[in-house]
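The values are calculated or read from the model by the stated rules, or taken from the named source; none is laboratory data. All figures in this text were calculated on a predicted structure; none of them were measured in a lab. We place every Cβ from the backbone using ideal geometry, glycine too, and count neighbours over all the protein chains shown. The area values use the complete protein model at the heavy-atom level, side chains included, leaving out ligands, DNA and RNA. Shrake-Rupley method; radii C 1.70, N 1.55, O 1.52, S 1.80 Å.
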Amino acid sequence: MVLLALALPAIATWAFGRSYRASETDRVDTRLSAALRVAADSVAATDAAAVRSARSLAESSAVQGALMRHDRAALAQFASRHGAVSLSVRIAAEAPPAKAPGTIVRSVAVKGPTGAALGGVDAVEHLPLLLRNVSGRTGTTVRVSSAEGPVARPYYLDAGGRSYRAVHVVLGTGVGLVALVPRHEIDASVHRRELFTFGAASLTMIALALVILLFLPDARSAVLAGRRGQRSPLALFGDVVAAAHDPRALLPVILETTVSATGAVGGALIWDGETVAQIGSDPRPAEHLVLSLDDEVGGRLLMLYPPRLGFTAAERELARSLAGHGRIALDNARLHGVVRRQAVTDDLTDLSNRRRFMEALRQEVARSARLDTQLALVLFDLDHFKKINDKCGHQAGDDVLRSAADVIRTRVRGTDLAARIGGEEFAVILPGTDLAGAVSLAENLRRDISEGVAVPDPSLTLTASFGVAEHHPGEPAESLIGVADRALYRAKAEGRDRVNAADVGPTV
């Protein structure tokens, strides 16, 4: 039986370990994508600033005069380095600097009064220095990359004898960037959760199994079974196996075990004032033994009805011991539920996470096909959210995301599923809803977010852009996402703060 008690938690740990790994990988993928967005924005801002500086220098009359005189000493005085950008001036006969790995070179021609070319101003952007700053701000390593991995899709990359989770993008300048998180970070996080799950489940199983086996000798168990129709320890252990991770289901097992072990004529379990399990009747209410199964006053109570001669001191002590074991089992079951919920829940907003969203969408697509019911999907993200993070700080940005999630919860039905699928990206699955109904929900959400989510800086406003799509027969979940995503892209291209409904059929 002990082996069985350990085998079942091991199986549960293996199953939940797979969920934990998928959940942790989704979390890391979101972190990688966010770091790449910050890096791409930083490169774009640096590039624009470098071109402005080069143009300003090229328009300087002092630079033009030095070029016309071919005064190299004077030209050298204009060379400078500001952060990740270095500026230099060259005469027309000289070639621009060669592009080194990890650099972007921007050249601006310098022309004289007659329009003749006098030379050029070269701005060299040193990306490794810029990306070191980005890595420090985001906590994620971002590097210049020549790798040819899948663009904008997470994958595993082996480099320098180590394995990384990576996302690779190519900027408009042709420069590749890759964000990296060591794979051992994912493995370590999953391993910690697996140990926690196995420990909690094992303690629950072993504690209850030992209670049943140690405190119910065979002879007494047989007498009790004949007298009150109660079951053997093996039958009770089967209930432990079935109920180990469900606090509500554990309560009747705790009650029956304690009643059998102490010689009580019956008992009851009270959960927040409600009787959830009862055996027999209480002939003398004033004499029953009341034991607490948690730390809250009047929370979970175990009541034992005394035999005709009352409980002996040993039976009372045994009842207290059993209640203590029951408390441990209930706490472990509750913690197991917490861990299981964390595997499919976004930590920041308490909405479903991306993994749960994909599972639910595939299930709803299959159900829609099987029952021929309607199904719609809403994708949206918060416009210019990076400005809030940059101007107000990441804590303020997190508060905005939580407030947006609260708004979403007030609008969705119990049958809908709302999820945070990226940094500031959200989704709502709408079973039994057509395109018009989904558009109506999206419009309500758009208005509620704009009017109901406070931004700390009054100079900033928060809006959201929406893409809405309706499922068509034969369309897989991934295709439905693609249709809604393209509608979202059009909403952003048309000026943001709007809802765009897909007006095309599925692309399978």
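Sort out which residues of segment 450-501 are of a type in the set (D, E) and farther than 17 Å from A436 by Cα, and write them in order of number. Listed by number, the residues that qualify are E451, D457, E475, E478, D485, E494, D497. Here V105 meets the list (1) in contact with a Lys or Arg (Cβ under 7 Å, 6 or more places away or on another chain); (2) of a type outside the set (S, T, Y); (3) surrounded by fewer than 17 Cβ atoms within 10 Å (Cβ to Cβ); (4) within 16 Å of A62 (Cα to Cα) almost entirely, failing just condition (4). Only a single item in (1) modelled with pLDDT under 90; (2) under 30 Å from D383 (Cβ atoms) is not met by T103, and it is number (2).
Please specify each residue of segment 425-437 satisfying the condition of being surrounded by fewer than 22 Cβ atoms within 10 Å (Cβ to Cβ), not hydrophobic (A, V, I, L, M, F, W, C) and not in a strand (DSSP E or B). Within segment 425-437, G432, D434, G437 meet the criteria.
For segment 382-396, does any single residue satisfy the condition of being more than 24 Å from T30 (Cβ to Cβ) and in contact with a strand residue (DSSP E or B) (Cβ under 6 Å, 6 or more places away or on another chain)? No, segment 382-396 contains no residue that is more than 24 Å from T30 (Cβ to Cβ) and in contact with a strand residue (DSSP E or B) (Cβ under 6 Å, 6 or more places away or on another chain).
Annotation note: Cβ proximity below 7 Å between a residue of segment 55-75 that is more than 11 Å from V110 (Cβ to Cβ) and a residue that is loosely packed, with under 13 Cβ neighbours inside 10 Å and modelled with pLDDT under 90 (sequence gap 6+ or interchain) occurs for no pair. Output the residue which, of all residues in segment 381-413 that are among the small types (G, A, S) and crowded, with 21+ Cβ neighbours inside 10 Å, is farthest from A442 (Cα to Cα). The selected residue is G397. Does segment 386-402 contain any residue that is under 20 Å from the mean Cα position of the chain (by Cα), within 27 Å of E470 (Cα to Cα) and among the β-branched types (V, I, T)? Looking through segment 386-402, none of the residues is under 20 Å from the mean Cα position of the chain (by Cα), within 27 Å of E470 (Cα to Cα) and among the β-branched types (V, I, T).
β-branched (V, I, T) and crowded, with 17+ Cβ neighbours inside 10 Å - does that describe any residue in segment 145-163? Within segment 145-163, not a single residue is β-branched (V, I, T) and crowded, with 17+ Cβ neighbours inside 10 Å. Here the condition is being surrounded by fewer than 14 Cβ atoms within 10 Å (Cβ to Cβ) and not basic (K, R); of G139, G119, G176, it holds for G139 alone.
All told, R498 falls short of being more than 30 Å from Q395 (Cβ to Cβ), open to solvent by 80 Å² or more (accessible area, probe 1.4 Å) and not hydroxyl-bearing (S, T, Y).
As a summary of the residue check, S440 satisfies the conditions (1) more than 14 Å from A404 (Cα to Cα); (2) of a type in the set (S, T, N, Q); (3) assigned to a loop (DSSP other than H, G, I, E, B) except for the one numbered (3). Counting just the residues of segment 71-93 that are open to solvent by 30 Å² or more (accessible area, probe 1.4 Å) and in contact with a strand residue (DSSP E or B) (Cβ under 6 Å, 6 or more places away or on another chain), which one comes out farthest from G115 (Cα to Cα)? Checking each candidate, the answer is S80.
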